[in-house]
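Here's the structure we're looking at; comments come further down.
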Amino acid sequence: MIVKDEERFLEGCLNSIKDVVDEIIIVDTGSVDQTKAIARKFGAYIYEFNWEDDFAAARNYGLEQATGDWILWLDADEQLDALDRYKLRDILYMDDLDLVSLHLINYYGTEVNLDESFHIAHTRLFRNHKGIQFENKIHEALNIRDPLPIPMAPIKLYHYGYMNDVAESKNKLERNLRLLENEMKQGSQNPWIPYHIATEYFRDQQYERSFEYVNKAIIQFILQGSTPPSMLYKLKYSVLLGLGSIDGAWPGIQKAVELYPDYVDLHYYKGLILYAKERYAEALESFNYCLELGETNLKHLILKGAGSFQAWYQKGRCQQKLGMLEDAATSYERAASMSLSYKDPVKALQSLRGGGEVAD
């Protein structure tokens, strides 16, 4: 892993892996806190690296130091699940594998809450000495060109870096935008660059700028002869909903759903858009389909709740609008039972029993 001033998270990260790895390689890019002292407690090999605004270069320097047969790459603000981590060794004995994804769980919001998270399969394990390296100066990724699907191990990896206080304390927005915009100025034709700029603006609730860049990314993928990945459409319609641009989102969301019919988040957004257009029966169909799909297809970036408690809540709202009051109450109850922290269905149920209207 590469680190700089990670004393807040590093001990938790290293505690989560210390019993399942043979060596810990730390590439330090200029820490002035207790990061290196914490790493030494775990017997880590620490290498200094002059920071050059290039995450891939720092990662690849770390790869040069690694001697093991397999590489597990992490960030300091990540932790392997306490029980799942012991499955790691079993995977390494599978001779037919060079790449393995883990179940990455990205927390967001103000506190650690599984109901406020995004889930995706992310390639974090790969066989060493196979020419696999990192590329991209920011939002570095492995240089994998094989179109075959990468198997996902049943191992959860928790990421805390997108939580509000963490992102703000590290000034991630300013740093990331500076690096990404430098890539754009240097003539990069990588469509992931405008996508990542769009995500930064989205997190900062600058929706109009986000919309501008996610559209650029989608167009670049199309011009390069590729189908834009599903998460670009997820971001696009998240932005349009954030802007309240319902007319701008319809009928485009339908085309996105046709491209990715197995993506629960797109069906969820379709339901929200139809509800806003007062097409409650059609919205109800969308939320029912969300519940059929569930949240297990981690080749897509999945919002926790889109195929469970949030879909049940939105289903209840549709039913209440359609006069199906008993069914609405049941849906609100199902939503509330699935998430103790999600208060909307509890409030809706109380309002329904008190004769109130659906809260918009």
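The values are calculated or read from the model by the stated rules, or taken from the named source; none is laboratory data. Everything quoted here is computed from the prediction, not taken from an experiment. Glycine also receives a Cβ, built like all others from the backbone with ideal geometry; neighbour counts cover every protein chain displayed.
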Exercise for the section: Test GLU48 against the stated conditions and say whether it is under 21 Å from LEU157 (Cα atoms) and in the same structural domain as ASP84 (by TED's automatic domain parsing). Expected result: no
Picking from ASN288, ASN297, the residue that is in a helix (DSSP H, G or I), surrounded by fewer than 24 Cβ atoms within 10 Å (Cβ to Cβ), polar (S, T, N, Q) and not assigned by TED's automatic domain parsing to the domain that holds VAL100 would be ASN288
Among residues of segment 258-275 being of a type outside the set (D, E, K, R) and touching a His at 6+ places or on another chain (Cβ under 9 Å), the residue surrounded by the fewest Cβ atoms within 10 Å (Cβ to Cβ) is PRO261
CYS318 meets each of (1) crowded, with 16+ Cβ neighbours inside 10 Å; (2) part of a loop (DSSP other than H, G, I, E, B) with one exception, condition (2)
Just one listed residue, out of LYS4, LYS18, LYS36, is touching a helix residue (DSSP H, G or I) at 6+ places or on another chain (Cβ under 8 Å) and more than 23 Å from LEU298 (Cα to Cα), and it is LYS4
All conditions in (1) out of contact with any Cys (no Cβ under 9 Å at 6 or more places or on another chain); (2) closer than 25 Å to THR199 by Cα; (3) not in a loop (DSSP other than H, G, I, E, B) are true of TYR86 except (2)
Apart from one, (1) among the hydroxyl-bearing types (Ser, Thr, Tyr); (2) assigned to a helix (DSSP H, G or I); (3) within 30 Å of ILE155 (Cα to Cα) all hold for TYR332; the odd one out is (3)
ask   = If we scan segment 344-353, do we find a residue that is under 30 Å from PHE211 (Cα atoms) and either in contact (Cβ under 8 Å) with a residue 12 or more places away in the chain or under 27 Å from the mean Cα position of the chain (by Cα) (or both)?
value = yes
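So that you can scan it fast, the table gives a plain yes or no per residue for (1) modelled with pLDDT of 90 or more; (2) surrounded by fewer than 16 Cβ atoms within 10 Å (Cβ to Cβ):
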residue: GLU174; (1), (2): no, yes
residue: ARG178; (1), (2): yes, yes
residue: GLU183; (1), (2): yes, no
residue: PRO194; (1), (2): yes, no
residue: PHE202; (1), (2): yes, no
residue: GLN205; (1), (2): yes, yes
residue: GLU208; (1), (2): yes, yes
Selection from segment 73-100 of residues free of Cβ contacts under 8 Å to residues at least 60 places away in the same chain and either under 28 Å from GLN310 (Cβ atoms) or under 16 Å from the mean Cα position of the chain (by Cα) (or both) yields LEU83
Of those in segment 242-251 that are touching a helix residue (DSSP H, G or I) at 6+ places or on another chain (Cβ under 8 Å) and assigned to a helix (DSSP H, G or I), the residue surrounded by the most Cβ atoms within 10 Å (Cβ to Cβ) is ALA249
When every residue in segment 130-161 that is among the basic types (Lys, Arg) and touching a helix residue (DSSP H, G or I) at 6+ places or on another chain (Cβ under 7 Å) is compared, the one surrounded by the most Cβ atoms within 10 Å (Cβ to Cβ) is LYS137
Checked against (1) of a type in the set (Lys, Arg); (2) assigned to a helix (DSSP H, G or I); (3) under 23 Å from the mean Cα position of the chain (by Cα), ARG8 satisfies every condition except (2)
On the basis of being without any contact (Cβ under 8 Å) to a residue 12 or more places away in the chain and either within 30 Å of ASP90 (Cα to Cα) or not assigned by TED's automatic domain parsing to the domain that holds GLU135 (or both), does GLN189 make the cut? no
